[in-house]
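Below is one structure, written out as structure tokens; the observations come after it.
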Amino acid sequence: LDKADHLLTRKEDAARAASLIAAWAEAYVEPEPGKDPPADVEAAETVAPAQDITGEGRILGTVAYMSPEQAEGRTVDTRSDIFSLGVLSYEMAVGERPFKGDTSLSVLSAILRDTPRPLLEVNPSLPRELARVVRRCLAKDPDDRYQSAAALRSDLDDLRRASHAGELRLTALT
């Protein structure tokens, strides 16, 4: 890939991406007892009354960002959102989606059976730690992913601090 073909070309970009992803994770962390939920969550609950539009046996969402359990119509939870964030993070890092296909059905099939090309194979200039975080987000089994947005945020905060301290291990810096 040419440098212009992907979004993360320097270690500062990786830190910026980690900050953005951490901000997303922050919005989805359960509020501490006695504290209000984030405003966007509160507004969504006010505007949209609870409806059973998702559930076991139903598929709803953008195919390219679906988790394996969502693609199979199984019950989803926060870990499904973490998978979707992994897809987006992969795409930000290398400028291509981790699961490819010519049709929606072929993309769903790829999500269920294929392993994405390793990030460092596609973009060797990425920090190994970022590749590890994204790989964990993309685990097929929800039990192998981050179990909460707070756990993901913690790893991303560590990545951001390491970047600012100049401690990231880069395979090749361009």
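Listed here are the residues, each with its yes/no results for (1) open to solvent by 10 Å² or more (accessible area, probe 1.4 Å); (2) closer than 22 Å to GLU167 by Cα.
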residue	(1), (2)
PRO98	yes, no
LEU105	yes, no
LEU108	yes, no
ASP114	yes, no
LEU120	yes, yes
ASN123	no, yes
LEU126	no, yes
GLU129	yes, yes
ARG132	yes, yes
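Rundown of residues vs (1) surrounded by 14 or more Cβ atoms within 10 Å (Cβ to Cβ); (2) modelled with pLDDT under 90; (3) under 13 Å from the mean Cα position of the chain (by Cα), yes/no style:
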position: ALA149; (1), (2), (3): yes, no, yes
position: ARG161; (1), (2), (3): no, yes, no
position: LEU170; (1), (2), (3): yes, yes, no
position: THR174; (1), (2), (3): no, yes, no
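Hey, can you tell me all the residues within the range 114-132 that are in contact (Cβ under 8 Å) with a residue 60 or more places away in the chain and out of contact with any His (no Cβ under 7 Å at 6 or more places or on another chain)? Walk me through it before giving the result.
Our first condition is that a residue be in contact (Cβ under 8 Å) with a residue 60 or more places away in the chain; within the range 114-132, this holds for 122-123, 125-127, 130.
Hits for the range 114-132 are VAL122, SER125, LEU126, PRO127, LEU130.
Restricting attention to the range 64-82, report how many residues are open to solvent by 50 Å² or more (accessible area, probe 1.4 Å) and not in a loop (DSSP other than H, G, I, E, B).
Taking the range 64-82 and keeping what is open to solvent by 50 Å² or more (accessible area, probe 1.4 Å), we get 65, 72, 74-78, 81.
If we keep only those that are not in a loop (DSSP other than H, G, I, E, B) as well, we get 65, 78, 81.
Looking only at that region, the number is 3.
Taking the range 134-160 only, how many residues are under 17 Å from PHE99 (Cα atoms), in a helix (DSSP H, G or I) and among the aliphatic types (A, V, I, L, M)?
The number of residues fulfilling the criteria is 1.
The values are calculated or read from the model by the stated rules, or taken from the named source; none is laboratory data. In this text the structure is predicted, and so the values were computed from the model without any measurement. Ideal geometry is used to build each Cβ from the backbone, glycine not excepted, and the neighbour counts take in all protein chains shown. Side chains included, ligands, DNA and RNA excluded: accessible areas come from the protein's heavy atoms. Shrake-Rupley method; radii C 1.70, N 1.55, O 1.52, S 1.80 Å.
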